[in-house]
Structure formats: structure tokens, C-alpha cells
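Working notes, structure below.
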Amino acid sequence: MRTLLLLGIAGATTSCTLTMAEPHVLVSPYLAVHQLRGDAAMQSAPTPGTVQDNARETLRTFGQDHYREDFGIRVDIGDGFGGFRADYYQLDQDTTRNGVLAGDFGRLLAGDAVQMKAEMDEIRIGYVEPIVNWKASVRERPVVFQLGIGAVVAHRNATLRGRTTDGVRQQRIDMDGDTVYPAARARVSWRDFAIDAEYAISPDLSLGGDFEGTLQDLELRLSYSMPMRDVSFFAGWRYSELPAEGNNDGFRYDADLILDGFVIGASLTF
């Protein structure tokens, strides 16, 4: 058993060494057209000294659930498919319209006309090791299928700022946490085109903070590499589930958030 373990460690180390031998560095700034949607519930104090649970309110009620433009940047170090990846994304979305609360929400009251500002800084750092590299031919052109497995650690710091339209009452929800995701990545490439898919799931693998439960993240990208150039262009779609619960201002909240939308950008290879 000890021999098998040593062989496994040696194999993994050798594979990692091959992946990182003469690594490429890809820098990929991108425009993210995303929306933050879902719902949340927050306790309130209808009378001094009492706390009551409230029904869930959708983020659409607060004027969210719309697409807005934000920016991000991704850096890959590896063989072009596997290796290390760091991704920073900043969400900053104001409301587009007002809504009316059906029930209390922290310091906000039923019947209040409300709006919300959403902010989030997200950092994802991961590593994927290629395990499959299969080649075929279509019209005398090679088609390559690659598959890799690995893990991602994500840190998120998010704030939802709800307020009445007259600014008399305000309620914020602060969410912060670190999460570990086992991940898988796949790529199909033909000529100068490639389709990438990456799926990561965290079955309650929280390292601490407010993001708890099962978190999932799916990304799809289509890219085109310019012949004889170290530049490629890509467009894609992302879907991320972000359940969270915690306390703010003495009130407990429970949120089921979804971040989804499109990305477009370019990659420079060094």
C-alpha cells in the first residue's frame, strides 16, 4: 500500500512538472454582462425587544435582476489548458427601478418603496491537471479533446444595500466567505477555434464565512486564436449559485443568489 501511495505521489508530481514545463502566461481582461438575481429573507423587530421571521423577497422587488456591465481579469499559467489560474471579478450594480415590499425586511417595512445597490469582489484561484488528451481528424484537420480535474478556492466579499426611495430607512446585508470547489475542465479544439467548459461544485466545503450549502459554478467559452499571433478572442456564459446566511444589525438573513450572464474579452499570450 505504501509503495502504491509513493507511486501515486510520484506520478502526480511528474504530471504537474510536465504541465508547468516552459509554461505559457495568458492574460485575459474581459467585459462581464451579468445579472444578480434570486431572493432573500431577513428578520425584523416590529416592536422593541421582539424579533420576527419574514417571508422571502425577490431581488427584482429591489430593482435588481437586470444585466449590467462589469469588468474582470484572468491570468493562466500552464500549458495552455491545464495549470494555475487566478481570476478577479468586480460586480457593481445600481438599481434600475423601484419596487414595493410585501413584508418587512430588517429595518425596511412592508409597503416601502425600495431600491438596492449590489457590490461584490470575487477572487478565484485554482489548479487543473490534464488527464485526457485525445486526437482525431475531421476533413484532414486535427480535432483535440482535453479533460482535466483540479480544485478552485474562491473568496467573495459582497454587499447588498437596500433603502427606501426617500432614503429614510436603510438595510444592508454583508456577505464574506471562502469556499473550496472540486473542479473539472474540458476543451474541444479544431483549427483556430476552441470550446471550453468548466464546472465546479462545493458541497458545503466552506473555509469560513457566510456562503454555505451547495455552491455551483459553470462556465462555457468559445474562443478564436489569430493565426501567427499571440492573441485570441473569446465569448462565453457563466452561471453561479451563491447561497448565504448570516447576521446583520442583529437580524438573521438567508439568501439564495444567482449570478449569471455573458462575457467577452481577449487573451494575450506571453
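Taking each DSSP H run with n ≥ 4 as -39500 (n - 2.57) and averaging over every residue of the chain yields -2500 deg cm²/dmol at 222 nm.
With all projection directions averaged, the alpha carbon convex hull of the range 101-242 covers 12.3 nm². Under 5 Å from the amide H of Gln171 lie the amide H atoms of Gly162, Arg163, each residue being 5 or more positions distant or on a separate chain, with H modelled from the backbone and absent for Pro and chain starts.
For the range 218-270, what relative contact order do you get, as a whole percent, if you take Cα pairs closer than 8 Å and at least 6 residues apart?
Details: 93 pairs, mean separation 19.8, N = 53.
Relative contact order here is 37 percent.
About its Cα centre, what dipole magnitude does the chain give when the only charges are +1 on Lys and Arg Cβ and -1 on Asp and Glu Cβ, stated in debye to the nearest 20?
Numbers: 26 positive and 38 negative charges, 157 e Å.
It works out to roughly 760 debye.
Per-residue extension of 0.36 nm, minus the Cα-Cα distance of Thr165 and Tyr199, leaves a gain of 8.3 nm for this segment. Taking the longest Cα principal axis of the chain as reference, the axis of helix 2-19 is set at about 90 degrees.
Under a Gaussian network description of the chain, with springs only between Cα atoms under 10 Å, the residue in Gly72, Gly49, Gly208 that fluctuates furthest is Gly49. Cα centroids of the range 141-176 and the range 210-258: 6 Å apart. Evaluated over the Cα positions of the chain, the convex hull gives a direction-averaged projected area, one quarter of its surface, of 18.2 nm². Under a Gaussian network description of the chain, with springs only between Cα atoms under 10 Å, the residue in Val180, Val27, Val138 that fluctuates furthest is Val138.
Shown are Glu119, Glu219, Glu22, whose ranking by accessible area with a 1.4 Å probe and every protein chain present, most to least, is Glu22, Glu119, Glu219. Given the options Ala113, Ala32, Ala184, which has the most mean-square fluctuation in a GNM of the chain, springs set between C-alpha atoms less than 10 angstrom apart? For the chain, modelled as a Gaussian network with Cα springs under 10 Å, the answer is Ala113.
The values are calculated or read from the model by the stated rules, or taken from the named source; none is laboratory data. Everything numeric in this text was worked out from a predicted model, so none of it was measured. Counting neighbours? That spans all protein chains shown, and the Cβs are built from the backbone with ideal geometry, glycine included. When the accessible area is computed, the model is the full protein with side chains, heavy atoms only, and any ligands, DNA or RNA have been set aside. Shrake-Rupley method; radii C 1.70, N 1.55, O 1.52, S 1.80 Å.
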